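Please read the structure below before turning to the comments.
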Amino acid sequence: MIEVDHLSKRYGPFTAVDDVSFRVESGQILGFLGPNGAGKTTTMRIITGYMPATSGKAIVAGYDVFEQPLEAKRRTGYLPETPPLYPDMTVREYLTFVAKIKGIRSHVKDRVGEVMKRTWVADMADRHCGKLSKGYKQRVGLAQAIIHNPDVLVLDEPTAGLDPKQIIETRQLIRELAGTHTIILSTHILPEVSQTCQRVVIINKGRVVAVDSPENLTSRLQGAATIYVQADGPAAEVQAALQNVPSVTRVTQSEPKGELASFEVDTEKGADVRRELASAVVSRGWGLLELRPMRMSLEDIFLSVITDESAEAPAAPAEGPDEEVAHA
Amino acid sequence: MRNILAIAGKELRGYFASPIGYVLVGFYALLFGWFFYTLVAFFERQSMQMAMGGPGGSMNLNQMLVAPLLMNATVIMLLVFPLITMRTYAEEKRSGTIELLLTSPLTDWQIILGKFLGALALYAVMLGVTLVHMAILFVFGNPEWKPIATGYLGLLLMGGSFLSLGLFISSLTKNQIVAGMITFSVFLLLWVINWVSTFVGPTMQTVLNYLSITEHFDDFAKGIIDTKHLVYYLSFIAMGLFLTMKAVDSERWRG
């Protein structure tokens, strides 16, 4: 169980974390989302006892990290943004050292072997940490975090730098760990949150802007879904036809590519008009070349949360960023 | 205690996992060996002259060879120690491994003492190599072992003082070169601080002589263990470690 209560961290006039509060129940995974410099790492460093907060408190597994740091740290595993490896040590030496300083007194060798197997680094056991690839470094970092079987795991971008297969394996491992561990993980990747986390905290400029389950967050933010349509037909007519489909609020033509006309179709909240759009094009004898919902990226969601917050505008995320901004 | 030893072991292995440990020990041995050779050669010539009816008096191996040899050995410290301590904290901060140490169930004292003992152990290895030279003296001569033992104790205490100070300076920066350079300068300053003692007032003279780190070593080399010097070195070490702890703690608050 992790409880963060009105946590603030100030560096002189600069406020890195501003009155952040949230809770993670035992066995849950909490996703921590936010752009760079939002205060994710600072919050995690406070939870792990790396640095004290200016005000507020953090309670890990029943222990206040500031009042009883040793008890709290004994129950916390932490993977920092850069895995804290000693380049001159082999993986086995490194994990043995970590096991010792984490307070493991007996069966250290077995424990190290077990953890190496679990994080798929056993084949690199006698390689120097400095010679490992980024993916292996990350996994040794993960091994280091779970070696003392802590109640709470704090993972700062655990999948950064991994290849797609490793990402899937790591997510799988994190989900497996969730039953017996309480986990906080920070990430930039939205699918990661929806696939692994039960709760999401979005943080910006040190403040929590949203706390919810990923499903709620996505549906709340998908006020207006946008669908991309590419058709082989006279542009103006296609546009008119699409406009006539019920629940469509707006059709904008995007950059034409030769003969083809493409459109972005905004629809009302909750309405799935893909069938209607398809038949509107096909029944008039034009070719339907592409039809897909435009995915809401983290940037979209994130930006709309910020816009919602600052403008207090009632459900106007249709003014959300266009794709160019999202990809920028 | 186990935690301290775990850190100390890691530090010591760290020196020998890279060329650093071997280079430092090797060059320490080389320089010590050179001092040993020149002093033995000098001693030989002296005793030859004595045998041929030179000025009377007794030839004392301890006074004429061991004491100056150990005095010379302190100079190597001045050059080698900044290289030992400059990485202790700076390197951990630069590579981010400090995050592992500070989020593990360790107290600051355990980390600092571990690092200190690790560095001291490396120094002990260096001194260990020089026991070969002492053994040679025992094989071919008959020096007294007690002044040699106190001399080594003095070397260890003086080394400990320098190491604790170097540790503190390393804890102030992320940059190894900066740490090394500042450490060297401060060492040198402590070395020569009483050079001006002849032309400052008598009060200042006492103060500067007391501060000078070499001044306190003389008696150890002569075979005397004076509490005054013992207290000086031990409080020097304690202060260095205390300042390190304050620096680490302050860094934590500043982030």
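Bear in mind that the values in this text are calculations on the coordinates, not laboratory data. On a predicted model such as this, the values are computed, not experimentally measured, just so you know. Methodologically, a virtual Cβ is constructed for each residue, glycine included, from the backbone with ideal geometry; neighbour enumeration extends over all protein chains shown.
What the table shows:
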| quantity | calculated |
| --- | --- |
| Computed [θ] at 222 nm, deg cm²/dmol, chain A (DSSP H ≥ 4; -39,500 (n - 2.57); rounded to nearest 500) | -10500 deg cm²/dmol |
| Partner lysines for A:Lys57 [C-alpha distance under 22 Å; skip if fewer than 8 residues away on the same chain] | A:Lys9, A:Lys40, A:Lys73, A:Lys205 |
| Length gained when the stretch A:Arg10-A:Val211 is fully extended (0.36 nm per residue, less Cα-Cα span) | 70.1 nm |
| Kyte-Doolittle at least 0.0, axis length at least 20 Å by Cα - qualifying DSSP helices, chain B | B:2-17, B:19-51, B:67-85, B:108-140, B:145-170, B:176-192, B:227-254 |
| Pairwise FRET efficiency - B:Thr206 versus A:Lys131, Cβ, R0 = 60 Å, nearest 0.05 | 0.60 |
| Computed [θ] at 222 nm, helices only, for chain B once each DSSP H run of length n ≥ 4 contributes -39500 (n - 2.57) | -26500 deg cm²/dmol |
| Shielding score for B:88-100, defined as the mean number of other chain Cβ atoms within 10 Å | 4 |
| Volume per residue of the C-alpha convex hull in segment B:31-88, rounded to whole Å³ | 68 |
| Semi-axes of the equivalent ellipsoid for segment B:2-254, Cα gyration tensor, largest first, Å | 36, 22, 15 |
| Simple spin-label estimate for B:Val23 and A:Lys109 in nanometres, 7 Å along Cα-Cβ | 3.5 |
| Those residues of segment B:78-100 whose amide nitrogen sits under 20 Å from the label point placed on B:Lys246, 7 Å along Cα→Cβ | B:89-90 |
| Between segment B:125-174 and segment B:200-222, the alpha-carbon center distance in angstrom | 20 |
| Dipole magnitude of segment B:2-254, debye to nearest 20 (Cβ charges: Lys/Arg +1, Asp/Glu -1, about Cα centre) | 460 |
| Length gained when the stretch B:Leu31-B:Leu234 is fully extended (0.36 nm per residue, less Cα-Cα span) | 70.4 nm |
| Computed magnitude of the charge dipole of the protein assembly as shown (debye, nearest 20; Cβ of K, R +1, Cβ of D, E -1) | 2100 |
| Extreme residue, positive dipole direction of segment B:1-125, given options B:Leu117, B:Gly53, B:Trp34 (C-beta unit charges) | B:Leu117 |
| Where Cα atoms sit under 21 Å apart: lysine pairs in segment B:2-254 separated by 8 or more or lying on different chains | 11 |
| Efficiency of FRET from Cβ geometry, B:Met48 and B:Ile225, R₀ 25 Å, rounded to 0.05 | 0.15 |
| Residue-averaged beta-carbon neighbours from other chains (10 angstrom radius) around A:91-103 | 4 |
| Distance (nanometres) between label positions extended 7 Å along Cα→Cβ at A:Asp232 and B:Asn142 | 11.2 |
| Alpha carbon Rg of segment B:212-251, scaled by the compact-globule rule 2.2 N^0.38 Å | 1.51 |
| Whole-number D in µm²/s for the protein assembly as shown (Stokes-Einstein; Kirkwood sum over Cα pairs; 4 °C, 1.567 mPa s) | 45 |
| Net charge over other residues, Cβ less than 14 angstrom from the Cβ of A:Glu3 (K, R count +1; D, E count -1) | -1 |
| GNM top mover of B:Met204, B:Met64, B:Met134 - chain B, alpha-carbon springs below 10 Å | B:Met204 |
| Kirkwood hydrodynamic radius of segment B:101-248, Cα pairs, Å | 17.1 |
| Cα centre as origin, Lys/Arg/Asp/Glu Cβ charges: chain A dipole, Debye | 1700 |
| Å³ per residue enclosed by the Cα convex hull of segment A:140-211 | 103 |
| Value of Rg to Rh for chain A (Rh from inverse mean 1/r over Cα pairs, i.e. Kirkwood) | 1.08 |
